[in-house]
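Trainee: Here it is, the structure in full.
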Amino acid sequence: MVTTVVHAAFQGHGVSAGDPARSDPRPIDRSLWFCGVVEPNAWGAHAIRTAWWNALHPAAAPAGHARQDV
């Protein structure tokens, strides 16, 4: 089983970055990664994809972002 941790990537991209209740899926300010409070917007979805890509392709992942086998 392969797992990945996205929590660290989202630090600083929630409430402290703006209003996560806004509905814009691609806000001009890319520091906010949520829309509709719980859903990632386009920038948050990209961060999740990147975390999974790094977990599945550890040779291509930056240091500290490789997969975690459980």
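Results for (1) assigned to a helix (DSSP H, G or I); (2) within 28 Å of LEU56 (Cβ to Cβ); (3) not polar (S, T, N, Q), shown as yes or no for each residue.
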| site | (1), (2), (3) |
| --- | --- |
| VAL5 | no, yes, yes |
| ALA8 | yes, yes, yes |
| HIS13 | no, yes, yes |
| ASP19 | no, no, yes |
| PRO25 | no, yes, yes |
| ARG30 | no, yes, yes |
| VAL37 | no, no, yes |
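Trainee: Out of the residues in segment 40-66 meeting the condition of being surrounded by fewer than 16 Cβ atoms within 10 Å (Cβ to Cβ) and at pLDDT below 85, tell me which one is farthest from the chain's Cα centre (by Cα).
Mentor: If we take residues in segment 40-66 being surrounded by fewer than 16 Cβ atoms within 10 Å (Cβ to Cβ) and at pLDDT below 85, then ALA59 is farthest from the chain's Cα centre (by Cα).
Trainee: Take segment 16-39 and flag every residue that is surrounded by 14 or more Cβ atoms within 10 Å (Cβ to Cβ) and small (Gly, Ala, Ser).
Mentor: ALA17, GLY18
Trainee: Continuing with the same structure: Which members of segment 6-61 meet the condition of being free of Cβ contacts under 8 Å to residues at least 40 places away in the same chain and among the hydroxyl-bearing types (Ser, Thr, Tyr)?
Mentor: SER16, SER23, SER31
The values are calculated or read from the model by the stated rules, or taken from the named source; none is laboratory data. Predicted, not measured: the structure shown is a model, and the values here were computed from it. In this analysis, Cβ positions are derived from the backbone assuming ideal geometry, glycine residues included, and neighbour counts consider all displayed protein chains.
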